[in-house]
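**Q** Have a look at this one.
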Amino acid sequence: MSKITRRNFLKVSGASMAAASVAAYTPFAIGGASKKVVVVGGGMGGATAAKYIRLMDPSVEVTLIEPKKTYHTGFMSNEVISGERTLDSIGFTYDGLKAHGVTVVTDRVSAIDAGKKVVTTESGKSFPYDRCIVSPGVSYKWDAYEGYDESIVDKIPHAWDGGPQTATLRDQLAAMKDGGVVVIVPPPNPFRCPPGPYERASQMAMYLKANKPKSKIIIMDQKEKFSKQGLFTQGWKRHYGYETDNSMIEWLSSTTGGKISAVNKADMTVEGEMDTVKGDIINVIPPQKAGAIAHTAGLTNDKGWCPVEGKTFESTIHKNIHVIGDAAIASPLPKSGYAASSEAKATAAAVVALLGGGDAPHPAYVNTCYSVIAHGHGISVAMVYDYKDGKIVKVKGSGGLSPMDASDEMRAREEQYAHSWFNNITNDTFG
Amino acid sequence: MGTKIKMMSAAVLASGVLLSGAATAGGASAEAISYTCAGCHGFNGNSTGPATPTISGASQEYITETMKGYKDGSIASTVMGRIAKGYTDEQFAMMGEFFAKQKMVAAKQDFDAKLVKKGAKLHDKYCEKCHAEGATSAEDDSGILAGQWTPYLEYTLSDYHAGTREMSKKMKKKVKKLNEKEGDAGMKALLNFYAEAK
């Protein structure tokens, strides 16, 4: 590390003083009607965008429309399932946003008229906008497996949105007998929170090891490989006897018995290509597409996701509508809460600039994503992104996974940082 | 380059439209870059804990040089080094400029009230010279310790001991003396003094 000296300070201060001389995001709407932004969806993307637009330019009128009064995060919901934390601890209201001057409407958006620039809700209200930000999250392909549809989530919850189904799955695990079998069916790519199903298996295994050690978790994957696979595998070997005769977790790739075609609610079985597997608990995480309103509003492509421009996140289909978060095609940015937050901030800056008749500023993107495999065992993946030649790109040499040879001390710190990450990102979004 | 940017901002000011992105001649602004840190380090750099450090209120130089250390690996880290590799020294200086301007909010955390007095004494004796005003000052480009999250301070001390993060010569001397005279109990008292800060 280079030493901190006055000489070094002088070297760097030239550039930064110049930066400081430009006031950031100063309100431009002096006189004239104020600009209106309507945000559809109050998850990580929508709530962050609403808050940061107000911070960047308090003259913009921001209305956020979201059907739920309390938003439960998907991330850290696996710790609810394992009994490590309460459902309330992942629930957030919109009081924080209201304090920033965001008008919060509890309603469901039923239509977006891109021509007239009006958002309509189920209760029949209309909200005109100058620019609209759509952050609808994901919806589910209910027709992917025979016998599987939305009506069975009470018995076979996906629990992929934080909320009531998280509690259902937690209660099922708590009620399961020792020696029971949990079947987890992760979806094919792309889907929200790529490491999530495997953290879920880890958290469930942690609970079962302590409380019902004869139990088993079978992961019937629809893929050949998964996020942070090396680190998860290493953690499972260490804590849950993975790849031994006594392994608590069994992972079947799509070609080694994982691929499924049907779910039978009455028998509590999953029909794989090779075997039919019976579970005391079945957790099918269905294949995904953009949230429902994105489809209604015509913002999706033939694969069910929303194409956007990478700097402003403006839809390439409808002008003046920006789509952020899991629903947007933002690759190489992943479908994660952190990425949604980054996209929201870049979009907020772009929207403020565009409303003022200027150009969207250069964006900055980061993703950091933690998984907790066991007590004292956290792992992460991170990446810094830039915008170059009209595309979002990874900054070469940055990011990557926790090292495979990290010490116990470092794994323990990553668990503490995972919990810090949760507290900070939710406070940044809803606080 | 500084002058060029200043001229540019003057032009932007004159046009009546202020856009932060204009500040860096094509790159992301200090705000845009720094906003991405909030997910782990908290809104405006004030971490809500329990372990990730608060970075608001630190001096620009402290942040710039610390990030350089993470980037070149001379400071051990879990994830910070991986992320630091995504930025230039100029961008570190921009982050530093942003976070130096933010008001630090002391961490709300538990501490042992019985140890605070002793910790305060030890601080005055061994640390105050550089970590001035009860370790609340960012002057001299030293870290603000008062109100920092205790787990982070513990990690840092542990890294100093392990040799995976380097102390300045001055600090090495003082820490050695403190350890010889007061041992782990002294360090514990010191940490409780910093944790008590409001």
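The values are calculated or read from the model by the stated rules, or taken from the named source; none is laboratory data. Since this is a predicted model, take the numbers as computed values, not measurements. When we count neighbours, we look across all protein chains shown, and the Cβ atoms used for this are built from the backbone with ideal geometry, even at glycine. The accessibility values were calculated without ligands, DNA or RNA, using every heavy atom of the protein model including side chains. Shrake-Rupley method; radii C 1.70, N 1.55, O 1.52, S 1.80 Å.
**Q** Taking Rh as the Kirkwood radius, which is the inverse of the mean 1/r over Cα pairs, what is the Rg/Rh value for chain A? Mind dumping the intermediate values first?
**A** On the way: Rg = 22.8 Å, Rh = 22.9 Å.
Taking Rg over the Kirkwood Rh, I get 1.00.
**Q** Project the alpha carbons of region A:104-171 onto their principal axes and report the range along each, largest first, in whole Å.
**A** Computed over region A:104-171, the largest-to-smallest principal extents equal 44, 27, 20 Å.
**Q** Something else about it: Kirkwood Rh, region A:283-431, all Cα pairs: how many Å?
**A** 16.9
**Q** Per residue of region B:62-75, in order, report the coupling 6.51 cos²θ - 1.76 cosθ + 1.60 (Karplus, θ = phi - 60°) as ³J(HN,Hα) in whole Hz, putting x for Gly and Pro.
**A** With the stated coefficients, region B:62-75 comes to 4, 5, 4, 6, 5, 5, 4, x, 5, 5, 8, x, 6, 10 Hz.
**Q** If you line up the Cα atoms of region A:151-286 on their principal axes, what length do they span on each, largest first, in Å?
**A** Dimensions of region A:151-286 along the principal axes of its Cα atoms: 38, 32, 29 Å.
**Q** Using Cα springs under 10 Å in a Gaussian network model of chain A, which residue among A:A33, A:A174, A:A360 shows the largest mean-square fluctuation?
**A** The residue with the greatest mean-square fluctuation here is A:A33.
**Q** Using the basic label-point model (7 angstrom from Cα toward the beta carbon), what is the B:E154 to A:T70 distance in nanometres?
**A** Distance between the two pseudo-spin positions: 3.1 nm.
**Q** Moving on. Among the listed pairs A:K125/A:K303; A:K223/A:K396; A:K51/A:K319, which are separated by more than 25 Å between their Cα atoms?
**A** Flagged as over cut-off: A:K125/A:K303; A:K223/A:K396.
**Q** Using only Cα atoms, locate the centre of region B:29-76 and the centre of region A:79-155, then give the distance between them in Å, rounded to an integer.
**A** Rounded to whole Å, the Cα centres lie 32 Å apart.
**Q** Using the alpha-carbon atoms, what tilt in degrees (0 to 90, nearest 10) does helix B:169-196 show relative to the longest principal axis of chain B?
**A** 90
**Q** Over region A:268-351, how many percent of alpha carbon pairs lie in each 10 Å bin up to the one with the longest distance?
**A** 17, 39, 18, 17, 9, 0
**Q** When the accessible area of each residue in region B:88-112 is compared between its chain alone and the complete protein assembly (1.4 Å probe; ligands, DNA and RNA ignored), which residues differ by at least 40 Å², being lower in the assembly?
**A** B:E97
**Q** Another question, if that's okay. As an exercise, use a Förster radius of 25 Å and the Cβ-Cβ distance of A:V393 and A:E224 to find the FRET efficiency, rounded to the nearest 0.05.
**A** 0.45
**Q** Report the calculated FRET efficiency for A:R108 and B:D110 (r = Cβ-Cβ distance, R0 = 30 Å), to the nearest 0.05.
**A** Once the sixth-power term is evaluated, E becomes 0.10.
**Q** Between A:S151 and B:S74, with labels modelled 7 Å along Cα→Cβ, what's the label distance in nm to one decimal, could you check?
**A** 6.8
**Q** If you take the charge dipole of region A:77-140 about its Cα centre, with +1 on Lys and Arg Cβ and -1 on Asp and Glu Cβ, which of A:S77, A:I90, A:V119 is farthest toward its positive end?
**A** A:V119
**Q** What do you get for the angle between helix A:337-355 and the principal long axis of chain A? Use alpha-carbon atoms, 0 to 90 degrees, nearest ten.
**A** That helix lies at roughly 20 degrees to the long axis.
**Q** Can you compute the charge dipole magnitude of chain A about its Cα centre, using +1 on each Lys and Arg Cβ and -1 on each Asp and Glu Cβ, nothing else charged? Give it in debye, rounded to the nearest 20.
**A** 1300
**Q** How big is region B:44-169 on each of its three principal axes, counting only the C-alpha atoms and giving the largest first in Å?
**A** Here the Cα extents, ordered largest to smallest, are 44, 32, 28 Å.
**Q** Over region A:337-431, with every protein chain in place, what whole percent of the accessible area is carbon and sulfur at 1.4 Å, could you tell me?
**A** It is 52 percent, rounded to a whole number.
**Q** Okay, next question. Can you run the Rg to Rh ratio on region B:63-110? Use alpha carbon positions and the Kirkwood inverse-distance Rh.
**A** 1.06
**Q** With a probe of 1.4 Å, find how much accessible area chain B has per residue, and write the answer as a whole number in Å².
**A** 46
**Q** Let me ask something else about it. Kirkwood hydrodynamic radius of region A:211-308 from all distinct Cα pairs, in Å?
**A** Every distinct Cα pair counted, the radius reaches 15.9 Å.
**Q** Any idea of the accessible area per residue across region A:306-383, 1.4 Å probe, to the nearest Å²?
**A** Heavy-atom SASA per residue in region A:306-383 reads 22 Å².
**Q** Which residues, if any, in region A:356-370 lose at least 40 square angstrom of accessible heavy-atom surface (probe 1.4 Å) when the other protein chains sit next to their chain rather than the chain being alone?
**A** Buried-area filter returns A:H362, A:A364, A:V366.
**Q** Determine the share of region A:175-268's accessible area contributed by carbon and sulfur atoms, expressed in whole percent, with a 1.4 angstrom probe.
**A** For region A:175-268, the apolar C and S fraction of the accessible surface comes to 51 percent.
**Q** Right, another one. How long are the semi-axes of the equivalent ellipsoid of region A:377-431, defined as square roots of 5 times the Cα gyration tensor eigenvalues? Whole Å, largest first.
**A** Square roots of five times the eigenvalues give 25, 20, 5 Å.
**Q** Shifting gears a bit: My understanding is that a pair violates if its Cα-Cα distance is over 20 Å; which of A:K68/A:K117; A:K391/B:K71; B:K125/B:K174; A:K335/A:K394; A:K388/B:K101 do that in this structure?
**A** Beyond 20 Å between Cα atoms: A:K68/A:K117; A:K391/B:K71; A:K388/B:K101.
**Q** Report the FRET efficiency, 1/(1 + (r/R0)^6), for B:K181 and A:D408, where r is their Cβ-Cβ distance and R0 is 22 Å, rounded to 0.05.
**A** Step by step, r from the Cβ atoms, then E = 0.10.
**Q** Could you report region A:56-215's accessible area per residue, 1.4 Å probe, as an integer in Å²?
**A** That works out to 40 Å² per residue.
**Q** Here's a follow-up. If the cut-off is a Cα-Cα distance under 14 Å, which aspartates and glutamates reach B:K108, setting aside same-chain residues fewer than 8 apart in sequence?
**A** Partners found: B:E196.
**Q** Mind checking how much accessible area A and B bury in total, 1.4 Å probe, in Å² rounded to 100?
**A** Protein heavy atoms only, the A-B interface buries about 5200 Å².
**Q** A further question follows. Just to be sure I understand the interface: list residues from region B:36-62 that lose 50 Å² or more of accessible area between the chain on its own and the complete protein assembly, 1.4 Å probe.
**A** B:T36, B:G39, B:C40, B:F43, B:T48, B:P50, B:Q60, B:E61
**Q** Taking all protein chains in place and a 1.4 Å probe, what share, in percent, of the accessible surface of region B:34-127 do carbon and sulfur account for?
**A** 58
**Q** For region A:23-174, what is Rg from Cα atoms divided by 2.2 N^0.38 Å, rounded to two decimals?
**A** 1.24
**Q** While we're on this one: In degrees from 0 to 90, rounded to the nearest 10, what is the angle of the helix A:229-240 Cα long axis to the longest principal axis of chain A?
**A** 50
**Q** Under a crude label model (7 Å from the Cα following the beta-carbon direction), how far is A:K319 from B:K198 in nanometres?
**A** Using points 7 Å along Cα→Cβ, the separation is 5.7 nm.
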